[in-house]
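A short write-up of the structure that comes next.
The values are calculated or read from the model by the stated rules, or taken from the named source; none is laboratory data. Not measured: the values here are computed from a predicted model. All Cβ positions, glycine included, derive from the backbone under ideal geometry; neighbour counts span all protein chains shown.
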Amino acid sequence: MGLVMIKPDLTVVQAMRGYRRFYEPLLAYRDRIVVSRSEDVIDGSEGWVERINQRFGTSFDTPDVTASGRSARDELIERYWRDRVGPGLPLLGRTERPPSEELHDDVASRARAGYLGAPATLRRRLSALYQSFTETLP
């Protein structure tokens, strides 16, 4: 739903179909990739970096999840949004910064309503797709 929240011209159903078109072909390669839930990556939990290192023989550092590490991360994100210029992608345009906290709940509520209004077959298909990727995660 995140993309719908920052791309107001994109409908929930369009985003759902895009999700399906992107992830379904990756199922054939599930045994060759490392998957992690976005919330685990954001929180620095569940050992996703360790799984990458183990799978590919790399030695990436784990994220710093201390307050100072989060502050540094937040500054990088702020700089990213501040430095964005140009017309952006055709049709979708330049992505604006995510909605403020005040608007977030309203936008999330509308996105949730759009999801619930999407065809049940599409919702079930995406749920099964998500489960296919995440069922073996810790």
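Every test in (1) at pLDDT 80 or above; (2) surrounded by 11 or more Cβ atoms within 10 Å (Cβ to Cβ); (3) more than 18 Å from the chain's Cα centre (by Cα) is passed by residue 65 save one, and that test is (1). Taking the stretch 11-29 only, how many residues are farther than 17 Å from residue 116 by Cβ and surrounded by 12 or more Cβ atoms within 10 Å (Cβ to Cβ)? Here the count works out to 5.
Somewhere in the stretch 34-49, is a residue hydroxyl-bearing (Ser, Thr, Tyr) and surrounded by 16 or more Cβ atoms within 10 Å (Cβ to Cβ)? Checked the stretch 34-49: at least one residue is hydroxyl-bearing (Ser, Thr, Tyr) and surrounded by 16 or more Cβ atoms within 10 Å (Cβ to Cβ).
Considered as a group, the residues in the stretch 102-138 that are of a type in the set (S, T, N, Q) and assigned to a helix (DSSP H, G or I) include one that is farthest from residue 24 (Cα to Cα), and that residue is 109.
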